[in-house]
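Remarks on the structure that follows.
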Amino acid sequence: MTLTKKEKTLLIVLAVVVYAFIFVKFVLMSSLPKIKAAQSRINDAKSQLSALESDYKNIDQYKKMIEDSIVIDERLGEYLMDSAGLSDSTEFIENLALLIGTSLKRVSLGNPQQLMEGGTAYYAFPVSFNTVLSKDGLDEFIRFCEGGSRKVTVRQLTISPADANSAAEYGIVVLNKQLFDVNIGLVFYSLNRDAADSFLKYTRAAFERFKDKDGNPVFIENSDEIAVNTPAQTAQVPETAVKDSGDTSNEISLMNADFKIFHTGYLYGGYNFETYTAFNKNDRIRSTISVPMNVSLTLGSTQYTIECVDGDGHMNSITGSLPDRDFTLFIQSNIKNDVKEDENLWLNLRIRNDSGKIIVAKIDQTGDRVKLTDRNGNEITGKSEKEKVYL
């Protein structure tokens, strides 16, 4: 039977429809989920590419932030013990044990407790004990505590004459020497809990070596006392200055001051001089110096300028805007006078304050290498009405 032209056309159309149905039903419909998944992956990849491109544009800023974080960790390491600085504090305890060299009473240790300072978490645990020392031993003991690590603070020190009965409680016989009953409370600080726990175990072991008058190991009590001291020495700020500055703390420290200066020995690992402000922490002047540093802090009505010129003639400066309030200044200088490399290290700070606001300053130093003057070169020791500076 011969098909007509019309029938042939209908067969062709039918074949195309059947093919299209099979393609849509078994090929296209089954591929749609895969296509959607592929499109989703493409969109995710585009988003990741956009984020990477943005990060690449800001890579210098990220590097700067990492460098700043490293410097901050180094500075905190000066105040707070960490795993790397554990030996400093264990050496302090070991020397303390050797220095006392006698029986102890009422020894107590507290577990590490988390504290906060300027948004930074750290750990502290208290140690306290009683002992009896001679006058020479007491003098040496006080000098040792005064020269202790910044990672250790003396929160309590009570001294009273010890009679024969009191000395006998420690197994000590009075032999024509004035003896003193000493009660001391120390607080040790750490950046991390693991270092604090390790040091607490070491401290407990060191004190367990002591004996009572009968030769028995000394009993160590567990203290629940909250270690409220902060590791940095601080100065009280007038309430008006605190209120105007907007700071929630009434103490000046390197963490919360408006203007900050760090100055230490030449053998310090890293920059041994640094200055910056709370208004722009990324803009800093840093140097490794073995010569005097002359710093000029100038405050105008709306902006500040800090200029630094070292003894070799190298000059740096930073400038920024000032808020409408009073200000705080913190200077930390830690120079050892018996280190030859530090014999030419001095810090001379000249302040010119035309802002009409108060500057409350705190100088925390060892070595007596800081000199503070007004615009005319007059030394500021307590306050300067001309520059409205109050120490």
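The values are calculated or read from the model by the stated rules, or taken from the named source; none is laboratory data. On a predicted model such as this, the values are computed, not experimentally measured, just so you know. With ideal geometry, Cβ positions are generated from the backbone for all residues, glycine too; neighbour counts draw on all protein chains shown.
Tabulated data for the structure shown
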| item | result |
| --- | --- |
| Given (1) without any contact (Cβ under 8 Å) to a residue 40 or more places away in the chain; (2) more than 25 Å from the chain's Cα centre (by Cα), index of the condition residue 285 fails | (2) |
| Odd one out for residue 385 among (1) without any contact (Cβ under 8 Å) to a residue 40 or more places away in the chain; (2) out of contact with any Cys (no Cβ under 6 Å at 6 or more places or on another chain); (3) within 21 Å of residue 283 (Cα to Cα) | (3) |
| Selection count, the stretch 266-283, where residues are modelled with pLDDT of 90 or more and either more than 12 Å from residue 320 (Cα to Cα) or touching a helix residue (DSSP H, G or I) at 6+ places or on another chain (Cβ under 8 Å) (or both) | 3 |
| Selection within the stretch 306-328 - under 18 Å from residue 358 (Cβ atoms) and among the charged types (D, E, K, R) | 324, 325, 326 |
| Any hit, the stretch 339-347, residues being surrounded by 15 or more Cβ atoms within 10 Å (Cβ to Cβ) and part of a strand (DSSP E or B) | yes |
| Residues being surrounded by fewer than 10 Cβ atoms within 10 Å (Cβ to Cβ) and modelled with pLDDT under 70 - total across the stretch 3-26 | 0 |
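For every residue, the table says whether it meets (1) under 18 Å from residue 264 (Cα atoms); (2) in contact with a helix residue (DSSP H, G or I) (Cβ under 8 Å, 6 or more places away or on another chain); (3) without any contact (Cβ under 8 Å) to a residue 24 or more places away in the chain.
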position: 316; (1), (2), (3): no, no, no
position: 333; (1), (2), (3): yes, no, no
position: 340; (1), (2), (3): yes, no, yes
position: 343; (1), (2), (3): yes, no, yes
position: 355; (1), (2), (3): no, no, no
position: 363; (1), (2), (3): yes, no, no
position: 373; (1), (2), (3): no, no, no
